[in-house]
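The values are calculated or read from the model by the stated rules, or taken from the named source; none is laboratory data. Predicted model, so just to flag it, every value in this text is computed and none were measured. When we count neighbours, we look across all protein chains shown, and the Cβ atoms used for this are built from the backbone with ideal geometry, even at glycine.
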Amino acid sequence: MSELLVTADGPVLRVVFNRPAQHNALTWGMWDGLYDACERADADPEIKLLVLSGAGGRAFVAGTDISQFASFTDGDDGVAYERKVQRIIDRLERVKVPTLAVVQGYCVGGGLVVAAACDLRLAVPGARFGAPIAKTLGNCLSMNTYSLLVHHLGPARTLDLLLRARMYTGEEAHAAGFVAELATPDDLATRQAEMESRLLSHAPLSMWAAKEAVRRLRTANLPDGDDIVSAVFGSTDFHTAVPAFLAKTQVTWQGH
């Protein structure tokens, strides 16, 4: 079965991350498939809404599949990776129709970035949002991702989330304004249908204008951050942490 399920359901294009046994961790193919889904949403005039969710109920997306980092040899690999992710996240942010992330379980790392790039987020209270890389891989995020998180959470919450490697609950993410609406697991399908119906009933150009204006405001002064990414992905800490993570052993951080 495909790792990424993309189906048109009337005016809704549904994207399901479909690796439940791996908490829907993203492979390179899934990242590319998400880009293609965005292209499809904009190319088909019948599509009025793009909805993203994770299969299995235990995760939306639990980051990029860590095994793919094992081939990284230096900071340039990290820069190339983050540029690839930024290209796809930028494409998701630019989709002309409204985008909705429906989150159950873990929404971590790359999953958090995907959810942040969507226009709206619906979640259950038991969802978990975070990027605990300070205690797992010792890597970093792209400047664009830091900007997304600061845009949604503010600098204080973003630093709290990242420095303490915190995981926000659905309630905390809702209180912070990141999640638009909470629903119990039993009510999730109903609330999702209501949100979809409401979005489908609104003026497409008005919604596009709001989306695009907010995106332009966020990215207007976005600085370059390749030097940060190169330094961290090229570090001894990162190249020690990846095999340790895969082997489930402890890392002693050196700071270089």
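What the table below lists for this structure:
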quantity: Search result, residues across the stretch 15-44 that are in contact with a Phe, Trp or Tyr (Cβ under 8 Å, 6 or more places away or on another chain) and either in contact (Cβ under 8 Å) with a residue 40 or more places away in the chain or part of a loop (DSSP other than H, G, I, E, B) (or both); calculated: Phe17, His23, Asn24, Leu26
quantity: Candidates Ala101, Ala131, Ala123 - the one that is buried (at least 21 other Cβ atoms within 10 Å of the Cβ), of a type in the set (A, V, I, L, M, F, W, C) and within 16 Å of Leu153 (Cα to Cα); calculated: Ala131
quantity: Out of Leu26, Leu13, Leu52, sole residue that is of a type in the set (A, V, I, L, M, F, W, C), under 15 Å from the mean Cα position of the chain (by Cα) and either modelled with pLDDT under 95 or under 20 Å from Trp208 (Cβ atoms) (or both); calculated: Leu52
quantity: Where Phe178 falls short, out of the listed (1) farther than 15 Å from Leu100 by Cβ; (2) at pLDDT 95 or above; calculated: (1)
quantity: Given (1) without any contact (Cβ under 8 Å) to a residue 12 or more places away in the chain; (2) loosely packed, with under 14 Cβ neighbours inside 10 Å; (3) aliphatic (A, V, I, L, M), number of the condition Val150 does not satisfy; calculated: (2)
quantity: Cross-chain or 6+ apart pairs with Cβ under 8 Å, the stretch 198-222 first and part of a helix (DSSP H, G or I), then surrounded by 13 or more Cβ atoms within 10 Å (Cβ to Cβ) and polar (S, T, N, Q); calculated: Arg218/Ser147; Thr219/Asn144; Thr219/Ser147
quantity: Candidates Ala231, Ala173 - the one that is out of contact with any Ser or Thr (no Cβ under 9 Å at 6 or more places or on another chain) and either over 17 Å from Ala101 (Cα atoms) or not in a helix (DSSP H, G or I) (or both); calculated: Ala231
quantity: Residue within the stretch 195-208 that is within 30 Å of Tyr146 (Cα to Cα) and either modelled with pLDDT under 95 or touching a helix residue (DSSP H, G or I) at 6+ places or on another chain (Cβ under 8 Å) (or both) present; calculated: yes
quantity: Meets criteria (modelled with pLDDT under 95, of a type outside the set (A, V, I, L, M) and surrounded by fewer than 19 Cβ atoms within 10 Å (Cβ to Cβ)) for Asp74; calculated: yes
quantity: Meets criteria (of a type in the set (D, E, K, R), in a loop (DSSP other than H, G, I, E, B) and at negative phi) for Lys135; calculated: yes
quantity: Test: residue in the stretch 185-196 that is outside any helix (DSSP H, G or I), exposed (fewer than 12 other Cβ atoms within 10 Å of the Cβ) and at positive phi; calculated: no
quantity: Condition check for Glu93: closer than 19 Å to Ala43 by Cβ and either in a helix (DSSP H, G or I) or at pLDDT 95 or above (or both); calculated: yes
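Residues checked against (1) more than 13 Å from the chain's Cα centre (by Cα); (2) of a type in the set (A, V, I, L, M); (3) surrounded by fewer than 19 Cβ atoms within 10 Å (Cβ to Cβ):
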site	(1), (2), (3)
Phe69	yes, no, no
Lys84	yes, no, yes
Gly111	no, no, no
Met143	yes, yes, yes
